[in-house]
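Here, each number is a calculation from the coordinates, and none is a lab measurement. Since the structure is predicted, the reported quantities are computational estimates derived from the model, not experimental observations. Here the Cβ positions follow ideal geometry from the backbone for every residue, glycine too, while neighbour counts run over all protein chains shown.
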Ligand SMILES: [Zn+2]
């Protein structure tokens with residue numbers, strides 16, 4: 001399990017290992033921005049669901065070539081409830 005820390009600036013690309021909120025009108029689609037803790041590649045986790053406690057499903061896989069990071073992930077401080 002990898003827990004992403006919440007970046008304190010919404011709608012900006014977060015640093016590696018952090019997540020940030022997307023715009024309030026689009027979070028049900030895009031969920032959140034995350035930046036891979038291994039290769040720093042940013043992505044939105046639109047293909048995933050997020051539980052009220054921040055747990056993301058299914059298992060996160062970094063799409064960057066040659067990265068290979070894959071783990072269950074959690075968004076610390078998530079407060080937008082269930083999105084899927
Ligand atoms: Zn990566």
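For this structure, a couple of remarks:
- Where only DSSP H runs of four or more residues are counted, the chain gives -500 deg cm²/dmol as its mean residue ellipticity at 222 nm, each run worth -39500 (n - 2.57).
- Among 34, 50, a tally of other beta-carbon atoms within 10 Å of each Cβ gives an order, fewest to most, of 50, 34.
- Percent breakdown of C-alpha pair distances by 10 Å bin, ordered from the shortest bin, for the chain: 21, 59, 19, 1
- Residues 71, 8, sorted so that the one with the fewest Cβ neighbours within 10 Å comes first: 8, 71
- Global geometry of segment 20-60, whether rounded, prolate or oblate, following the gyration tensor of its Cα atoms and the 1.5 cut on a/c: oblate
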